[in-house]
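Participant: Input: one structure, supplied below.
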Amino acid sequence: MADLFNRPIAVLGAGSFGTALAILLARNGNQTILWGRDSAQVKQISLNGENQRYLPGVKLPEKLQVTADFNQAVANAFDILVVTPSYAFSETLQQIRQIKQKQDDLRIIWACKGLEPETSEFLDTRVIEILGENCPKAVLSGPTFAKELAVGSPTAITLGADDGNFASDLSQRLVNDTFRVYLSSDLKGVQFGGAFKNIVAIGAGIADGLGFGANARTALITRGLAEMMRMGEKLGGRKETFTGMAGLGDLILTCTDDQSRNRRFGLAIGKGATIEKAANEIGQVVEGVRNTKEVKHLAEMHGVDMPICQAIYGILYLDQDPKQVARQLLTRTLKVEGD
């Protein structure tokens with residue numbers, strides 16, 4: 001294990017979740033380097049020993065290196081954890097490929113919760129296309145708020161991986177007394193659950209912003225899970241993935257707690273804010289906005305009925321009235337439970 005911890009791991013993305021994961025890895029004894037695109041922000045983190053913009057009050061471990069130099073972060077890294085917005089994932093992989101000419105010592109993990117823009121491809125497909133079929137791949141997803149992870153609150157997450165040795169190594173790097181990992185080989189299911197729950201969280205926020213109450217929120221979560229499973233299984237995901245941490249667990253968390261930026265975004269819209277104003281209030285990327293467009297595209301490609309996704313798409317992209325859309329959603333033709 002000591003040899004593994006001495007092999008550098010790079011965390012690409014100094015937002016709240018990237019910083020929290022880097023803190024976890026460094027605290028666990030891993031040789032960790034955190035890269036951020038914004039050199040001014042990286043300088044601030046280095047000077048103050050904390051990410052005041054995204055995780056104020058949480059001190060970074062002394063051994064955690066922080067840099068704005070992409071080459072420095074990647075060149076000697078054995079494992080690379082990408083925690084950028086999903087729309088920047090392919091660009092990041094292209095940069096990695098330019099630096100890591102010899103790729104037999106490269107393993108990729110990501111914690112991005114989205115799909116490839118425009119094409120709606122899964123991110124593991126992009127890894128294969130850019131870094132080759134032999135590159136070991138893993139994805140982290142589940143009910144995890146960055147601040148709670150960073151301060152050491154008990155947390156559990158799903159690790160989907162296509163290589164058993166890689167999964168074992170990552171588990172050793174990540175697990176401690178307060179952080180638990182559940183392993184899965186269902187990369188498609190883990191990825192889809194992480195993307196789709198953001199859409200439902202926006203809807204839950206809108207419903208609460210409109211004052212619809214707990215009954216409507218619970219109905220939305222329940223039917224959101226059914227929608228997730230219907231589409232997810234069509235794409236090759238497994239039922240148990242969607243009833244686990246990366247599906248139901250993440251769905252409940254993001255729909256019910258105001259630490260969720262997707263839920264807060266929906267709340268603002270439900271209370272009358274424009275989409276632009278709601279996004280500006282959050283101040284970080286709201287993945288659910290792009291997720292809605294990507295998943296709607298998948299639903300149309302595969303002929304799957306996704307009324308919640310369609311409703312949120314109407315609000316975000318067709319300027320439809322949230323209250324009217326919500327009424328239409330709640331007064332749809334009656335369904336048999338389980339459909």
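The values are calculated or read from the model by the stated rules, or taken from the named source; none is laboratory data. These figures come from a predicted structure and were not determined experimentally. When we count neighbours, we look across all protein chains shown, and the Cβ atoms used for this are built from the backbone with ideal geometry, even at glycine. What goes into the accessible areas is simple: the full protein's heavy atoms, side chains included, and nothing from ligands, DNA or RNA. Shrake-Rupley method; radii C 1.70, N 1.55, O 1.52, S 1.80 Å.
Participant: Please give the Cα centre distance for the stretch 286-324 versus the stretch 58-88, rounded to the nearest Å.
Facilitator: Cα centres, the stretch 286-324 to the stretch 58-88: 33 Å.
Participant: Over the chain, what is the percentage of antiparallel beta bridges among all DSSP beta bridges, to the nearest 5?
Facilitator: 15 percent
Participant: Taking DSSP loops as anything outside H, G, I, E and B, show the longest stretch in the chain free of GluC sites (Glu not before Pro) there with at most 14 other beta carbons within 10 Å.
Facilitator: 134-336
Participant: Here is a follow-up. Spin-label point model (7 Å from Cα, Cβ direction): what's the Gln284 to Ser39 distance in nm?
Facilitator: Those two pseudo-labels are separated by 2.6 nm.
Participant: Contact order normalised by length for the chain, with contacts defined as Cα pairs under 8 Å and 6 or more residues apart; what percent is it?
Facilitator: 14 percent
Participant: Also: For the chain, build the charge dipole from Cβ charges (+1 Lys, Arg; -1 Asp, Glu) around the Cα centre, then report which of Gln98, Gly303, Ala14 sits farthest towards its positive end.
Facilitator: Going by the charge dipole, the pick is Ala14.
Participant: What's the magnitude of the charge dipole for the stretch 208-256 around its Cα centre, counting Lys and Arg as +1 and Asp and Glu as -1 at the beta-carbon? Answer in Debye, nearest 20.
Facilitator: Computed charge dipole of the stretch 208-256: roughly 160 debye.
Participant: Say the cut-off is 24 Å between C-alpha atoms; which of Lys113/Lys239; Lys239/Lys296; Lys197/Lys293; Lys113/Lys271 go over it?
Facilitator: In this structure, Lys113/Lys271 lie more than 24 Å apart at Cα.
Participant: Please list the non-local residues whose amide H lies under 5 Å from the amide H of Leu34, H modeled 1.01 Å from N, same-chain partners needing a gap of 5 or more.
Facilitator: Val11, Gln65, Val66, Thr67
Participant: Under a straight-distance cross-link criterion of Cα-Cα below 17 Å, which aspartates and glutamates are reachable from Lys100, leaving out those fewer than 8 residues away in the same chain?
Facilitator: Asp69, Asp79, Glu91, Glu129, Glu133
Participant: Decide, for the stretch 1-111, between rounded, prolate and oblate: order the square roots of the alpha carbon gyration tensor eigenvalues as a ≥ b ≥ c, take rounded if a/c falls under 1.5, and otherwise choose prolate if a/b is larger than b/c, else oblate.
Facilitator: oblate
Participant: Can you find, among Asn76, Val190, Leu253, the residue sitting farthest towards the positive end of the charge dipole of the chain, where Lys and Arg contribute +1 and Asp and Glu -1 at Cβ?
Facilitator: Most positive-ward Cα: Leu253.
Participant: Now, a different point. With a/c under 1.5 counting as rounded, go ahead and sort the stretch 145-209 into rounded, prolate or oblate using the C-alpha gyration tensor (a ≥ b ≥ c being the square roots of the eigenvalues; past the cut-off, prolate if a/b is larger than b/c, else oblate).
Facilitator: oblate
Participant: Quick one: ranking Val66, Val74 by accessible area, 1.4 Å probe, largest first, what do you get?
Facilitator: Ranked list, largest accessible area first: Val66, Val74.
Participant: Multiply the residue gap between Lys234 and Asn28 by 0.36 nm, knock off their C-alpha separation, and tell me the result in nm, one decimal place.
Facilitator: 70.3 nm
Participant: When only Cα pairs under 8 Å and 6 or more residues apart are kept, what is the percent relative contact order across the stretch 271-329?
Facilitator: Computed value for the stretch 271-329: 25 percent relative contact order.
Participant: Going Cα to Cα from Lys147, which aspartates and glutamates come in below 16 Å? Please leave out same-chain ones fewer than 8 positions away.
Facilitator: The reachable aspartates and glutamates, counting only those whose Cα sits under 16 Å from Lys147, are Glu50, Asp250, Asp257, Asp258.
Participant: How do the peptides 23-29, 164-170 rank, highest first, by the average count of neighbouring beta carbon atoms within 10 Å per residue?
Facilitator: By packing density, highest mean first, the sequence is 23-29, 164-170.
Participant: Let me ask something additional. Grab the other residues whose beta carbon is less than 15 angstrom from that of Phe212, score K and R as +1, D and E as -1, and report the net.
Facilitator: For residues surrounding Phe212, the net value is +4.
Participant: Now a separate question. Would you tally the net charge around Ile157, using a Cβ to Cβ cut-off of less than 11 Å, leaving Ile157 out, and scoring K and R as +1, D and E as -1?
Facilitator: Once all neighbours under 11 Å are counted, the net charge is 0.
Participant: How large is the charge dipole for the stretch 196-322, taken about the Cα centre, if only the Cβ atoms of Lys, Arg (+1) and Asp, Glu (-1) carry charge, to the nearest 20 debye?
Facilitator: 140 debye
Participant: Roughly how big is the chain's charge dipole about its Cα centre, with Cβ charges of +1 (Lys, Arg) and -1 (Asp, Glu), in debye to the nearest 20?
Facilitator: That gives a dipole near 640 debye.
Participant: With the cut-off at 1.5 for a/c, could you classify the stretch 72-128 from its C-alpha gyration tensor as rounded, prolate or oblate?
Facilitator: Verdict is prolate for the stretch 72-128.
Participant: Another question, if that's okay. Return the long-range amide H neighbours of Val82 (sequence gap of 5 or more, or a different chain), with a cut-off of under 5 Å between placed amide H atoms.
Facilitator: Leu12, Ile109, Trp110, Ala111
Participant: Let me check against my output: what whole-number percent is the relative contact order of the stretch 157-220, with C-alpha pairs under 8 Å and at least 6 apart?
Facilitator: 30 percent
Participant: So what's the back-of-envelope 222 nm ellipticity for the chain, counting only DSSP H runs of four-plus at -39500 (n - 2.57) apiece and dividing by all residues, rounded to 500?
Facilitator: Taken over the chain, the calculation gives -15500 deg cm²/dmol.
Participant: Based on the Kirkwood radius over alpha-carbon pairs, what value in µm²/s does the Stokes-Einstein equation return for the translational diffusion coefficient of the stretch 196-326 at 10 °C and 1.306 mPa s?
Facilitator: Once the numbers are plugged in, D ends up at 110 µm²/s.
Participant: Whose amide H sits under 5 Å from the amide H of Ala156, counting only residues 5 or more places off or on another chain, with H placed in the peptide plane?
Facilitator: Distant-sequence amide H within range of Ala156: Arg180.
Participant: Between Ser46 and Ser171, take the C-beta separation as r, use R0 = 30 Å, and let me know the FRET efficiency to the nearest 0.05.
Facilitator: Calculated transfer efficiency: 0.50.
Participant: Please compute the length gained on full extension between Lys271 and Lys63, using 0.36 nm multiplied by the number of residues separating them and subtracting their Cα-Cα distance.
Facilitator: That pair, Lys271 and Lys63, stretches by 70.4 nm at full extension.
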